[in-house]
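Take a look at the structure set out below.
The values are calculated or read from the model by the stated rules, or taken from the named source; none is laboratory data. Keep in mind the model is a prediction, meaning the values are calculated, not measured. Heads up, the Cβs are rebuilt from the backbone with ideal geometry, glycines too, and the neighbour counts pull from every protein chain shown.
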């Protein structure tokens, strides 16, 4: 089974709220359809659908003032985004089913505590494609917190033969050089490591948090970061072909 994370940066224009990159998403779904992958789970990020509300309501902080309002608003935004993706999958005869991250996870002080594997396995056994996504989840200490797509990838990694992260960059950079392989001892990443410093701060924890989770995932399965803006890279890596990317190793 292959885990495919479609990052919010490739699915949406993060500079404009609710701005879906329809052409790019349609192409990525077609690449999955044309690949040799037989069993896979898709996880997607929030991008310009989930991040504005998460930031507005401080849902990733210990004490948010309006947890109920924030949860309701952001969950609705994420389900709207998820429906867009499911509709596009149906157009390609891919039978996607929605599994909201907030309904299959429990967090403890902002960290993933539990994820229900069984529901994913049951849907896979029916021949459907589970499509999960970043969401607002119950937290045993904070009441609510952000469940990122990366958290879901980590929670499912023990089931996977391969985990592929699809973003808008060629891979992970260190000292402004793209790394074919990235290991834990290369952390932390600094602004000067990147070819162009990003001003926006990702509410799911930024690049270092993402890469740390990739390293943890790499301890359980092969893990790659590829550029989804480049045509056919996703199809090729699903087929086991070589592409420009970074393989994250333990």
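Odds and ends about this structure:
- Residue in region 136-151 that is surrounded by fewer than 17 Cβ atoms within 10 Å (Cβ to Cβ), in contact with a helix residue (DSSP H, G or I) (Cβ under 8 Å, 6 or more places away or on another chain) and over 18 Å from residue 79 (Cα atoms) present: yes
- Checking the stated criteria, residue 40 turns out not to satisfy the condition of being in contact with a strand residue (DSSP E or B) (Cβ under 9 Å, 6 or more places away or on another chain) and more than 15 Å from residue 86 (Cα to Cα).
- Of all residues in region 26-42, none satisfies being free of Cβ contacts under 8 Å to residues at least 60 places away in the same chain and over 25 Å from residue 218 (Cβ atoms).
- Residues located in region 185-230, provided they are at pLDDT below 95 and farther than 20 Å from residue 8 by Cβ: 185, 186, 187, 188, 190, 191, 192, 193, 195
- Exactly one residue out of 69, 62 is in contact (Cβ under 8 Å) with a residue 12 or more places away in the chain and within 22 Å of residue 209 (Cβ to Cβ): that is 62.
- Qualifying residue in region 159-169 (condition: at pLDDT below 95 and in a loop (DSSP other than H, G, I, E, B)): yes
- Residue in region 13-29 that is in a loop (DSSP other than H, G, I, E, B), modelled with pLDDT of 90 or more, surrounded by 20 or more Cβ atoms within 10 Å (Cβ to Cβ) and touching a helix residue (DSSP H, G or I) at 6+ places or on another chain (Cβ under 8 Å) present: no
- Within region 139-158, tally of residues that are in a strand (DSSP E or B) and farther than 24 Å from residue 66 by Cα: 0
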